[in-house]
Amino acid sequence: MNLSDIFTLSGKSGLFTIAGQTKNNVIVESLVDGKKFPTFASNKLSALKDISIFTTEGETPLSEIYRTIYNKEDGKECISHSESEDNMRLYLEDILPNYDKDQVYKSDIKKLFMWYNILHKADRLKLSEKKNAEKQNVEKKNVEKKNNTIEKEEKTKTTIDNKK
């Protein structure tokens with residue numbers, strides 16, 4: 001799951017992609033409503049790929065957590081961020097049993113689920129494994145074609161050599 005081109009913006013709810021750049025700022029586009037607007041030096045952009053959830057062993061990146069949710073929900077939306085704190089914590093315990101209950105706040109859990117559902121609605125939850133498997137299949141077919149071509153060339157060369 002590639003989250004490198006998706007950002008959060010301090011002071012704004014939702015998720016954004018970079019739509020362009022000007023001399024002094026960056027133009028972002030909202031994944032929620034598609035509106036574009038400039039960001040300024042006072043706004044902090046954070047890539048989702050750089051965000052993690054604290055666990056008792058360290059940290060777990062959002063991409064791993066979202067992959068777990070995606071598999072658990074069979075690619076559908078997860079629990080709403082407007083559920084009760086207890087329900088959200090139970091759900092998080094189900095997908096990430098070792099999350100640090102002291103360092104992960106309710107607001108963090110709400111963002112986690114809200115962002116997942118935004119990514120789902122924007123059709124941005126594509127698993128990398130599928131892409132890698134498809135890429136490997138294409139590469140395998142290309143190798144097979146290349147091998148077939150080489151075999152044909154060798155047969156042709158052998159036939160020509162036999163005629164001489």
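The values are calculated or read from the model by the stated rules, or taken from the named source; none is laboratory data. Just so it is clear, the structure is predicted and the values come from calculations on it, not from any experiment. Cβ coordinates were reconstructed from backbone atoms using ideal geometry, including for glycine residues, and neighbour counts include every protein chain displayed.
Residues that are within 11 Å of the chain's Cα centre (by Cα) and of a type in the set (Phe, Trp, Tyr) were ranked within the stretch 51-72; the one that is nearest to Asp102 (Cα to Cα) is Tyr66.
Checked across the stretch 33-42, the condition of being under 24 Å from Pro61 (Cα atoms), out of contact with any helix residue (DSSP H, G or I) (no Cβ under 8 Å at 6 or more places or on another chain), outside the structural domain of Asn71 (by TED's automatic domain parsing) and at pLDDT 90 or above holds for no residue. Picking from residues in the stretch 64-74 that are buried (at least 18 other Cβ atoms within 10 Å of the Cβ) and in contact with a Leu (Cβ under 8 Å, 6 or more places away or on another chain), the one that is farthest from His120 (Cα to Cα) is Ile65.
For the stretch 65-79, the count of residues that are within 20 Å of Ser4 (Cα to Cα) and of a type in the set (A, V, I, L, M, F, W, C) is nonzero.
Scanning the stretch 65-105 for residues that are acidic (Asp, Glu), assigned to a loop (DSSP other than H, G, I, E, B), closer than 19 Å to Thr55 by Cβ and out of contact with any Phe, Trp or Tyr (no Cβ under 8 Å at 6 or more places or on another chain) returns a single hit, Asp102.
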